[in-house]
Amino acid sequence: MPSPAPAARSLRVLLAEDNAVNQRLASSLLERRGHIVTVAPNGRAALAALERASFDVVLMDVQMPEMGGFEATAAIRAKERTSRTYQRIIAMTAHAMKGDRERCLAAGMDDYLTKPLDSRQLFALVEAMGEQSSRTSRSEPIRPAISDQVLARVGGDHQLLAEISRLFVDDAPEHLQRIKAALDAGDSESLRRAAHALKGAAANFDADQVVETARVLEEMGRTSDLAGHEAAWLDLTAQVDRLLSTLRAFAA
């Protein structure tokens, strides 16, 4: 098999995965791309590895013995509240089940891959996360891009802005679940209300793209015309993911 073209930058990747086949596959693909991979067979081993070294990205299997991915991610995020660092974490699950994406985001993970792994998706996501990670030093507090207008809205109070950022991060998965449930049920009025609520929350952060896409879905609900809602839903989840990435970094 020919090796893939090398990545623009070699990343340090922690692979938390208990299955030997998946360990070998993911490690080989990433190493051929030029990345350096450390394997941890469970969540406890992953936490220990993070104590010993720094990593640009963690690939976190959701189901592992001793400690699963959700528990390990919760431990990482809890420590970050005092360390003022931020670790990029990509969830990995064996099956794409309804609600998995929202559950991973709610657990504090930055994005989501399904197994069996697709090399193109793996490279794209790991390297996008690595690029975000490279913009900050793990030894320094992360300061994501928050506009002066947003800061002025809270009277220049960084602590208050961090608090409302955490609230949005906590609430966003539920907003998305309500919108998706309304779309699945063809419930126009519930869609209108759910999209309106998300739109209002995102507006506090000048998240224009989230606001506009939520407005489109809100209008679909208002007019009971759900034609084309699939594209709007995919656009919304992508835009919310980007906003959550910024707000998690600021609120950590």
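The values are calculated or read from the model by the stated rules, or taken from the named source; none is laboratory data. All values reported here derive from a predicted model rather than from experimental measurement. Because the Cβ atoms are built from the backbone with ideal geometry, glycine has one as well, and the counts that use them run over all protein chains shown. For accessibility, only protein heavy atoms count, side chains too; no ligands or nucleic acids. Shrake-Rupley method; radii C 1.70, N 1.55, O 1.52, S 1.80 Å.
A few points about this structure:
- Near pairs, Cβ below 8 angstrom, 6+ apart or cross-chain, from region 6-33 (touching a residue at least 12 places away in the same chain (Cβ under 8 Å)) to any residue that is assigned to a strand (DSSP E or B) and open to solvent by 70 Å² or more (accessible area, probe 1.4 Å): SER10/ILE36; LEU11/ILE36; ARG12/ILE36; VAL13/ILE36
- Within region 68-82, considering residues that are more than 19 Å from ALA26 (Cβ to Cβ) and in contact (Cβ under 8 Å) with a residue 12 or more places away in the chain, the one most open to solvent (accessible area, probe 1.4 Å): ARG81
- Options ARG52, ARG32, ARG24; residue that is farther than 26 Å from ASP241 by Cβ, modelled with pLDDT of 95 or more and of a type outside the set (Ser, Thr, Tyr): ARG24
- Within region 10-34, considering residues that are within 21 Å of the chain's Cα centre (by Cα) and not hydrophobic (A, V, I, L, M, F, W, C), the one surrounded by the most Cβ atoms within 10 Å (Cβ to Cβ): GLU17
- The residues listed here are ARG192, ARG153; of these, the one that is among the basic types (Lys, Arg) and modelled with pLDDT under 90 is ARG153.
- The lone exception for ASP18 - which of (1) more than 25 Å from ARG77 (Cβ to Cβ); (2) in a loop (DSSP other than H, G, I, E, B) it fails: (1)
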